[in-house]
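Q: Attaching a single structure in structure tokens format; questions to follow.
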Amino acid sequence: MKQILIIDDEASIRKMLKKLFEKNGYAVIDAQDGSQGVKLFKEHEPDLIITDLIMPEKEGLETISEIKKINPDTKIIAMSGGGVVEPEMYLDLAKNFGAQYSFNKPIDNEALLAAVKHLMSN
Ligand SMILES: [Mg+2]
């Protein structure tokens, strides 16, 4: 079974995404910030990572670049929903850091699921 690591500081988002992906046949592990996310990534080597960008402890861009340093082939999807800078700017940055897809919150579940299926099939 393919495994997804979800990193988001909002418990409700983690819960919602976990449910979505488990319903669609994926195994899901989740972390509440980038530090925990990197730790879980090293331990479990998930097939794909979905990470929020604005988080305490370790924010998303730093998390993405750290994970890419460990394994440049890691499939990453970024998501963002505001903050001091325009979310679009963060999402563009995330792509520069190596995220294959980026999504604005509130998340369009169907579009996110389609992106995951596409990345998993490669
Ligand atoms: Mg957040």
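Where a number appears in this text, it was derived from the coordinates with a stated rule and is not lab data. No experiment lies behind these values; they were computed from the predicted model shown. All Cβ positions, even for glycine, are placed from backbone atoms using ideal geometry, and neighbour counts span all protein chains on display.
Q: Order 11-17, 46-52 from most to least packed using the mean count of other Cβ atoms within 10 Å.
A: So the order, starting with the most tightly packed, is 46-52, 11-17.
Q: Taking K and R as +1 and D and E as -1, what net charge do the other residues with C-beta under 14 Å from the C-beta of Ser65 add up to?
A: +1
Q: Could you pull out every residue, at least 5 positions away or on a different chain, whose amide H is within less than 5 Å of the one on Met79? Hs are placed 1.01 Å off N in the peptide plane, and Pro or chain starts have none.
A: Amide H to amide H, under 5 Å and 5 or more residues apart or across chains, Met79 pairs with Thr51, Asp52, Leu53, Phe103.
Q: Continuing with the same structure: Starting with the highest mean, order 90-96, 108-114 by the number of other Cβ atoms within 10 Å, averaged over the residues of each peptide.
A: 90-96, 108-114
Q: Sum -39500 (n - 2.57) across every DSSP H segment of at least 4 residues in the chain, then divide by the residue count to get the 222 nm mean residue ellipticity, nearest 500.
A: Helix contribution divided over all residues of the chain: -14500 deg cm²/dmol.
Q: Also: About the Cα centre of segment 1-121, how large is the charge dipole given +1 on each Lys and Arg Cβ and -1 on each Asp and Glu Cβ? Please answer in debye to the nearest 20.
A: 420 debye
Q: Can you give the local net charge around Gly25? Use residues other than it whose beta-carbon is closer than 14 angstrom to its beta-carbon, Lys and Arg +1, Asp and Glu -1.
A: Neighbourhood net charge equals +3.
Q: With the contact rule set at Cα under 8 Å and sequence spacing of 6 or more, what percent relative contact order holds for segment 3-121?
A: Reported as a whole number, the value is 22 percent.
Q: Rounded to a whole number, what is D in µm²/s for the chain from Stokes-Einstein with the Kirkwood radius over alpha-carbon pairs (37 °C, 0.692 mPa s)?
A: Here the translational diffusion coefficient equals 236 µm²/s.
Q: Let me check I've understood the local charge: for Ile13, count other residues with C-beta under 10 angstrom from its C-beta, Lys and Arg +1, Asp and Glu -1. What total comes out?
A: So the environment of Ile13 carries a net charge of -1.
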